[in-house]
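Heads up: the structure comes next, in structure tokens.
The values are calculated or read from the model by the stated rules, or taken from the named source; none is laboratory data. On a predicted model such as this, the values are computed, not experimentally measured, just so you know. Neighbour counts run over all protein chains shown; Cβ positions are idealised from the backbone, glycine included.
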Amino acid sequence: MLQLVSSGLMGTWLTLAGVSAPPAAPAQAVTWQGLSWLTPPKPVEPKIETTIAQYLQTLKAQGLDPQQQSVWLRTDSNLLIDRNGTIPVPSASLTKAATSLAVIKTWGLEKRFDTIVSANGKIVNGTLVGDLIVQGGGDPLFVWEDAIVLARSLNQLGINNVSGNLIVVDKFHMNYQANPQKAGELLKQAFTGINLPPALLNTEFKDVNIVKLPTAPATTDTKLPQVKIAGAVLVASAPPTVITPLIRHRSLPLIDIVRQMNIYSNNEIAQILADSLGGAPQVMKIVATTANFPPAEIQLINGSGLGVQNRLSPRAVCQIFRTLHQTLQPVNLNLADIFPVAGAEYLGTLKERRLPVGTTIKTGTLNEVSALAGVLPTRDRGLVWFVIVNKGSQISKLRQQQDTLLQALLKEWGEVTPTPLVVTKHDRPPAYFGDPARNIAIVPKSPS
């Protein structure tokens, strides 16, 4: 579990690392739901204080105020460094860690968001005489490939044309577009096959924040499916009274959605998930309660971290990461299963970073904020949880200095090779865009 020392897992971890346990500094603990809040009056690593002082001096030479920088380091047993650690500061996309905890706590890792496709007419010679209704279930990662394969599933049910309208109901999102009218227009475009991006999502979008997954393996049916819709795209508050369900499209499991959100720091996915929970107030309530930190240390206006009004204390961020880790371990998973891991992948926000191999992280960036948080496996201190939040506009330099700081800490505490199992990503079946297995026919196929 998360408290490696008290649970006996520290011994296991150190055995895996091939080292002996260092003597723990004495401290008095108050434990809430398995997470210890230790109360040493000051950090217990004087030598590391020098390293942090040098780091802050480097920032000062760059023209930044050291008093505006935040650093929090701790093990599961001891606080190591506290620089403005309990003060809520703009933390950018570290907010997504809070959103991750809130949705996992509420729905569980295997939660799926269903999109139901129905008809309010009969199928006659390949034409649905009536309307096609799409009832969204809040899937935040429904994209071009999913829509195209959905059209193929409709073809298999005998629907090639729709004489009426495409009616969008409830929370239907497509290509990160939360506006139901625009999402419906994109779905119609995908169904008709007109003016589709030539390479679709995986290569069409170059932004680091756009999720890129492999598409489902090609089938023998290479013909582009089409469902031509004669009418308009309409948005309704409720479906027609009498409808016939046709297909249930299942989203990826929540664990895969959360992981992709964090790897690419996708704002739209985070916001859709937070809104589905009830918005920022609900995220704050769930997270502060679950991770056991003062509610005043989390101040959010959304689920993504966009905007300096989103504020978290470094201590709160640390508790969120530790709580996620503790939540995942009973199901044989860990933090590395929902956040990017340095050295294991070079996608999204890990591009151009020089972090110690095995470090599990979440980044955060605004115009004048650069943040980094996660867990660093070390030989002498075990798992070191860290949160660094810099206020300054030279983002690339701030990132380089964060990476250099973690490398310096690792040099002091010693590297562990290979990365300990307790922070190693588990193998899972690959997640695909456009996986036909996620389309489940609710009615039998039309006779040929």
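Annotation: of all residues in the stretch 343-363 being outside any loop (DSSP other than H, G, I, E, B) and either surrounded by fewer than 14 Cβ atoms within 10 Å (Cβ to Cβ) or modelled with pLDDT of 95 or more (or both), the one that is farthest from the chain's Cα centre (by Cα) is Glu345. Restricting the first member to the stretch 413-424 and to residues that are buried (at least 21 other Cβ atoms within 10 Å of the Cβ), and the second to residues that are part of a loop (DSSP other than H, G, I, E, B) and among the small types (Gly, Ala, Ser), the beta-carbon pairs closer than 6 Å and six or more apart or on different chains are Thr419/Gly358.
Evaluate the following for Gln401: is it in a helix (DSSP H, G or I), surrounded by fewer than 23 Cβ atoms within 10 Å (Cβ to Cβ), in contact (Cβ under 8 Å) with a residue 12 or more places away in the chain and touching a helix residue (DSSP H, G or I) at 6+ places or on another chain (Cβ under 7 Å)?
Numbers: in a helix (DSSP H, G or I): yes; surrounded by fewer than 23 Cβ atoms within 10 Å (Cβ to Cβ): yes; in contact (Cβ under 8 Å) with a residue 12 or more places away in the chain: yes; touching a helix residue (DSSP H, G or I) at 6+ places or on another chain (Cβ under 7 Å): yes.
So Gln401 fits the description; yes.
Pick from Leu234, Leu224, Leu252: which is surrounded by fewer than 17 Cβ atoms within 10 Å (Cβ to Cβ), assigned to a loop (DSSP other than H, G, I, E, B) and at negative phi? Exactly one residue qualifies, and that residue is Leu224. Only one entry of Gly382, Gly358, Gly348 meets the criterion of being touching a residue at least 40 places away in the same chain (Cβ under 8 Å) and closer than 19 Å to Ile81 by Cβ, and that entry is Gly382. The residue that is nearest to Val369 (Cα to Cα), counting only those in the stretch 290-310 that are among the aliphatic types (A, V, I, L, M) and part of a loop (DSSP other than H, G, I, E, B), is Val308. For the stretch 311-342, the set of residues classified as touching a Phe, Trp or Tyr at 6+ places or on another chain (Cβ under 9 Å), outside any helix (DSSP H, G or I) and of a type in the set (A, V, I, L, M, F, W, C) consists of Phe339 only.
Among the candidates Val149, Val134, Val143, the residue that is under 27 Å from Tyr264 (Cβ atoms) and either at pLDDT 95 or above or not assigned by TED's automatic domain parsing to the domain that holds Pro214 (or both) is uniquely Val134. Selection within the stretch 86-121: residues that are in contact with a Phe, Trp or Tyr (Cβ under 9 Å, 6 or more places away or on another chain) and of a type in the set (Gly, Ala, Ser). The member of this set that is surrounded by the fewest Cβ atoms within 10 Å (Cβ to Cβ) is Ser100. Cβ-Cβ distances below 7 Å connect the following pairs, each with a first residue in the stretch 50-69 that is more than 16 Å from Pro90 (Cβ to Cβ) and assigned by TED's automatic domain parsing to the domain that holds Lys411, a second residue that is outside any helix (DSSP H, G or I) and among the basic types (Lys, Arg), and a separation of six or more residues or different chains: Ile52/Arg83.
Screening the candidates Thr86, Thr99 for the property of being within 30 Å of Val308 (Cβ to Cβ), among the polar types (S, T, N, Q), touching a Lys or Arg at 6+ places or on another chain (Cβ under 6 Å) and assigned by TED's automatic domain parsing to the domain that holds Leu56 yields one hit, Thr86.
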